[in-house]
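Okay, structure first, notes after.
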Amino acid sequence: MTERTIRTSPLGDAPGRRTAVALSVLCAVFGASLVPSPDAPSSGVDRSVLIHEANPSSRAAEDRVLAVGGHITRPLPLIGGFAASVPDDGLPMLAWDPAIAGLSVDVRIDMASSGTDVYDVFDPNLAWRKAIRLGQLPSGIDGSGVTVAMIDTGVAHHEDLAGRVAARVDFTPGGVGDDQYGHGTHLAGVIAGDGGASGGKWRGVAPKAELVSVKVAGADGSTDVSVVIAAIQWVVTHRAEYGIRVLNLSFGTDSIQPYAIDPLNAAVERAWAAGITVVVSAGNGGPGIGTIAKPGDDPHVITVGAADLNQTPDRWDDEVAPFSSRGPTQDGFEKPDVVAPGTTIVATRDAGSAVDDLHPDAVVDEHYFKGTGTSQSGAVVSGIAALMYEANPNLTPKRVKGILMGTAFKTAAYRVGGGDGLVDATGAVLAATSDVANPNVGLVRSTGLGTLEGSRGRFHVETDLDGDGVADLVEGEIDVLGDPWDSTSWSSTSWSSTSWSSTSWSSLIAENAGWSSTSWSSTSWSGTSWSSTSWSSNSWSSVAWS
């Protein structure tokens, strides 16, 4: 094994079988120096260990642990492994077993990510704000009067967001909209944080915009396409009530189902057709081609990749971040449409959340956290769209898209994987009253008649579908509630308040005004965890928390 880095700290407990503990694409590495020798003496006690599986889709490593008298204490699919308690006389056998790629004793893993952990060492800076000309906006343009909806992991209480979270909707069981994961809270700050806890220093793009948080994933980041589609329907149904003009989606699956029939694509297109500008992260599968995540593959919506600004405001030294996904899509469309700053973005911290605990080096102070990924890039563009709508409330999604693409800063560095270039906030706002060519002319709308299973790609979750206390794999044409999915019936339903009230979800979610905390008490929905056989660390598009 190659030399690897570890961080020592206690291991905690987490419920659920092989539950994912993050949205980000991460891999863990184990300290080679901690692998015991086959001749290591036994002390007759159990040891807490972390095990990295050679093949995470197999149960071979788990079986080896059980065979030596150990037991699994915590699933860690994020790292391709698990925590266990093992008699120390069984350690040598495990350490040299071909089913186990690495083993460490009494340590916590120091997480790294697909080439993006290099950003961990960079100091917090404001270069990204200067690069997209946020400081040159017309006086008074700050997102006032515009609401951005986020479908994510919820939003935690934070001074920078006080008074501007219009609603928190929770699709997870018994929830009140809080964020146990930390992803949604960070992106909320990128979009609309006012920097109140830093004297205005670490503010977001549209610091006076309002937010509607729609939570679809809990502390492990797991959710199903069917939950996301229901959440999109909620946003469309309630758009007038909350003044929603922009929808931020920072997640994706690796589905290759054609967009023209895919249900998730059809859902984002319905939001677009309803007058909501949909901004989707490209994903973090780069730098390979054909790695755009769904629904970022949809040609109608605005798909955002990540730019690496090299920590300077000089736009001529920028490049497409190596982790940023790029097209063409499975349908032959070039994506992303634009790129935005996506490395070392400082925004609101959700202290004690999963990403906060996993990435102590990313903590700036008690209020702020550094994040890297196309999730952050998408949030930047959602904030810019809010500024544009304030400048011209009569904008339409296609005009927003056309203006963003037309005003983007173009250099040779963006020719591959950079779409039309780096977004320019001031240029886009100044052009908000301009007429632009329709960037979506000639595009065919998705019918949504494809399969729900096809939309999931390789990513599946488990939930207790039949109420017997045992988690079931959610697959095929059923949703997480166990209801059959009828693509023909779904695609023909009008998304109105009447149709929403007739869905199975209408009585199973909490709709909280602002920071109130009323939750529903139904027991018919048990929540999800990632499946042990199909977990892939590419399922959400925040490749790294750095």
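The values are calculated or read from the model by the stated rules, or taken from the named source; none is laboratory data. The shown structure was predicted, so the numbers you read here are calculated from the model rather than taken from an experiment. Note that we place each Cβ from the backbone using ideal geometry, even for glycine, and neighbour counts take in every protein chain shown.
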Next item on the list: Could you grab me the full set of residues in the stretch 254-271 that are surrounded by fewer than 24 Cβ atoms within 10 Å (Cβ to Cβ) and under 18 Å from the mean Cα position of the chain (by Cα)?
Entry: D254
Check: Inside the stretch 46-113, counting only strands (runs of 3 or more DSSP E) that do not spill past its ends, which hold 2 or more residues that are at pLDDT 80 or above and under 29 Å from T372 (Cβ atoms)?
Finding: 46-53
Notebook entry, point to check: Which of the following residues is under 21 Å from T153 (Cα atoms) and part of a strand (DSSP E or B): V246, V227?
Noted result: V246
Check: Which of the residues belonging to the stretch 400-423 are surrounded by fewer than 24 Cβ atoms within 10 Å (Cβ to Cβ), part of a loop (DSSP other than H, G, I, E, B) and at negative phi?
Finding: A408, K410, T411, R415, V416, D420
Notebook entry, point to check: Looking at (1) at pLDDT 95 or above; (2) surrounded by fewer than 24 Cβ atoms within 10 Å (Cβ to Cβ); (3) among the small types (G, A, S), can you tell me which one G175 breaks?
Noted result: (1)
Checklist line | Qualifying position, being hydroxyl-bearing (S, T, Y), surrounded by 18 or more Cβ atoms within 10 Å (Cβ to Cβ) and in the same structural domain as D420 (by TED's automatic domain parsing), among T312, T343 | finding: T343
Check: Filtering the stretch 336-359 down to residues that are charged (D, E, K, R) and under 18 Å from the mean Cα position of the chain (by Cα), which residue is modelled with the lowest pLDDT?
Finding: D357
Next item on the list: Would you confirm whether any residue within the stretch 304-322 is at pLDDT below 95 and among the hydroxyl-bearing types (S, T, Y)?
Entry: yes
Notebook entry, point to check: Out of (1) of a type in the set (V, I, T); (2) under 20 Å from A347 (Cβ atoms); (3) surrounded by fewer than 24 Cβ atoms within 10 Å (Cβ to Cβ), the odd one out for T396 is which?
Noted result: (2)
Check: Of all residues in the stretch 178-200, how many are outside any loop (DSSP other than H, G, I, E, B) and surrounded by fewer than 24 Cβ atoms within 10 Å (Cβ to Cβ)?
Finding: 3
Margin query: Tell me the residue from G290, G352, G285, G305 that is crowded, with 24+ Cβ neighbours inside 10 Å and either in contact with a Pro (Cβ under 9 Å, 6 or more places away or on another chain) or farther than 20 Å from G427 by Cα (or both), please.
Written below: G305
